[in-house]
Amino acid sequence: MAPSVSPHAPWWQSGILYQVYPRSFQDGDGDGIGDLRGVIARLHYLVDLGVDALWLSPIFTSPMVDFGYDISDYTDIDPLFGSLADFDALVTAAHGLGLKVVLDLVPNHTSDQHPWFVESRGSRDSRKRDWYIWRDGQPDGGPPNNWTSEFGGSAWTFDAATGQHYYHAFLSAQPDLNWRNPQVRQAIADVMRFWLRRGVDGFRVDVMWHLVKDADFRDNPLNPDYTPDRQPYERLLPLYSTDRPDVHDVVAELRQVMEAFDDRVLIGEIYLPPEKLVAYYGAGLKGAHLPFNFALISTPWSARAVGDLIARYEALLPSGAWPNWVLGNHDRVRIAGRVGPAQARVAAMLLLTLRGTPTMYYGDEIGLPQVPIAPEQVRDPFETNVPGYGVGRDGCRTPMQWDGSAHAGFTAGEPWLPLTDDFASRNVAVERSDSSSMLALYGALIALRRARAELSLGDYEEWPSGEADVLAYWRGHGGRRMLVVLNFSDRPVTIALPSSAAGATIMLSTMMDRAAEVAGDRLNLRGAEGMVLDLAPTAI
Ligand code: NOJ
Ligand code: MG
C-alpha cells in the first residue's frame, strides 16, 4: 500500500488541532472569564495531551456582543483577554514547547463600533461608504431584498441618518464588509500580515462561504423542505447570499497572503455539504488548506451513515487535497450531549483514527457534556434573538474543569457560565488519575496516532464487517496496517475478523482494558466499544 503523502508532511497534515475558546479555558485574573495569561498557564497541559496546535477563537478588541466575533480593532488584543505583550508571550511560550498557534480571522464582518464602519455610516459620500454593503430600501420602505440574518430577522438594518440599509449576515452589530471592494481586501491582507509577522502559524477564517454576495442582490428562494419547527433562517435557501462562485477568488487571495510565509495553514469555517465544501480547496489546491469538514456534526450517529459519509467525502476530495474531521466546536451541541457519554468514546476513537487532520474542541477530552442553561444564565445573543429553537450556544461553551477545587480551578471569581454539576469528579485532575477515564482514552489515542503513521498519514479503506452497527476500516502506511472497529450500538456484537487480521494485537479499546490482547478469528465487542488492532507487517 503506497503512502498517501510524503513522510515529510506539513504539521497541519500529520498533527492534531485543538480549539481553545478563550473565555472558557482558564481565567488568570479572577474576573470569571478566561484570558491569555490563563492559556499560557495551561500550555503544558496541551503538550502533555499531545496535540500539535491550538486555535484560539477571537481575542481581539471587541464590544463582545457576539463574544469576540464582533471586532472593533483587528490588530489589538481586548483588555478582557490581556495585551499584545501577553499575546507575544503566549506565542513565544507555545513555540518554545513545540506548539503552533492558529488565530481566528473574521473578515466577513466587523463590529458596528469599528472605526471603518463608524466612518462608513457617517455619510453617503464617506470614503469608506463602499467598505460595507449599503443599499436603498424598497419604495414601500421595506428592506432591499428578502435576505435574513443567521441570528434572526431581516439581514438589513435601516440607518436613519443616511437613509440606507446595511447588510449583516449575523447581528445588526456585525455589519458585513464588502469584499468586492479591493481596499477591503487590502486592509484584511494587512491584518493577516500583522499577525503572521508576529509569528502566528495560521488562521481559521470565520464564515468563509459568506464572504461574497450576489452582485445583483437577488432574492433567496424559499426552502421547500422548511417546517415550522426549524429556525427561521432555514425558511429560505441562502443561494444568493452565500457560496457565490466568486468567493473562490477571494479565498485564493487569502491563501496568496499566507504563501509569503513558511509553513502556515489556512483553515476555512464552511457549513456546506461535502459536494460544495471541497471547492474551497481551490483551483490547483490554491485555496484553503483545510476547509473544515463539519459533516460528522450533522450526520446521524450510525455505523452506516458515518461509513457512507466517509466514503462520499473521500471520493469527492480533489487529488492531493488533505482531509480533515471535526466533532464539535463553540457553535454546536457537544458531542457527548449529542451521542451520549458511551458513544462519545467511540466518537473520540473515530476522530483520532480517520484519515485527515482532527480538530478537537476543548473539554471534549474530559467528556464535558452539553450543560443545561437556565433562562437567567443565557448569554448567547443567538438564543436571545431566536428563542425556542434550542439554538443557544452557551451550553457548549462552559468553563474547562481542571480540578475539584472551587470553580473547578477555572477561576478565582464567578465563572461567566455554569460548571457541570459533577465537576468535582469530571475534571482533569481526577481523570488523570483514572486509567479508564475519557482523558486517559484521548491521551492514549493521541499517543497512538503520533506513534503510528498508519493512523495519521495512512490510507483509509472501509472493511465490511458484516454487522450493521459496526464500522470497520483499515489504515495503512509503509507496508503496515491497522484495523479500527467501532460498535455504534449499545449492545454487544461479535464480528468475524478477516483472515488477514487473525492474530492481530489489540492496541487500544475505548474501555481502556484490553491492550496487548491477541485477537482470535472472532472479536467480541461490548456495547459502544471501539478497538484499534495492529496487524503484523504485510508484504507489499
Ligand atoms: C461563526 C462563529 O463560529 C460564530 O461563533 C459566530 O457567532 C458567527 N461566525 C458570526 O461571527
Ligand atoms: Mg480573566
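The values are calculated or read from the model by the stated rules, or taken from the named source; none is laboratory data. Only a predicted model underlies this, so the values are computations on that prediction, with no experimental measurement involved. Here the Cβ is made from the backbone with ideal geometry for all residues, glycine too, and neighbour counts use every protein chain on show. These area figures cover heavy atoms from the full protein model, side chains too; ligands, DNA and RNA do not enter into them. Shrake-Rupley method; radii C 1.70, N 1.55, O 1.52, S 1.80 Å.
Values computed for the structure shown
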| read-out | value |
| --- | --- |
| Any hit, the stretch 18-32, residues being part of a loop (DSSP other than H, G, I, E, B), away from ligand 2 (no atom under 16 Å from the Cβ) and open to solvent by less than 10 Å² (accessible area, probe 1.4 Å) | no |
| Within the stretch 122-236, strands (runs of 3 or more DSSP E) holding 3 or more residues that are over 27 Å from the mean Cα position of the chain (by Cα) and more than 16 Å from ligand 2 (Cβ to nearest atom) | 156-159, 164-167 |
| Counted residues, the stretch 68-120 - those being surrounded by fewer than 16 Cβ atoms within 10 Å (Cβ to Cβ) and small (G, A, S) | 5 |
| Extreme residue, nearest to A173 (Cα to Cα), among residues of the stretch 376-390 that are hydrophobic (A, V, I, L, M, F, W, C) and open to solvent by less than 40 Å² (accessible area, probe 1.4 Å) | F382 |
| Candidate set: the stretch 456-483, residues that are aliphatic (A, V, I, L, M) and under 19 Å from Y313 (Cβ atoms); chosen: the one surrounded by the fewest Cβ atoms within 10 Å (Cβ to Cβ) | L457 |
| Pick from the stretch 33-53, criterion open to solvent by less than 30 Å² (accessible area, probe 1.4 Å) and farther than 30 Å from F117 by Cβ, ranking: nearest to ligand 1 (Cβ to nearest atom) | A53 |
| Those helices (runs of 4 or more DSSP H) lying entirely in the stretch 269-373 with at least 2 residues within 16 Å of ligand 1 (Cβ to nearest atom) and surrounded by fewer than 23 Cβ atoms within 10 Å (Cβ to Cβ) | 295-298 |
| L56 of a type in the set (A, V, I, L, M, F, W, C), closer than 30 Å to S456 by Cα, in contact with a Pro (Cβ under 7 Å, 6 or more places away or on another chain) and buried (at least 22 other Cβ atoms within 10 Å of the Cβ) | yes |
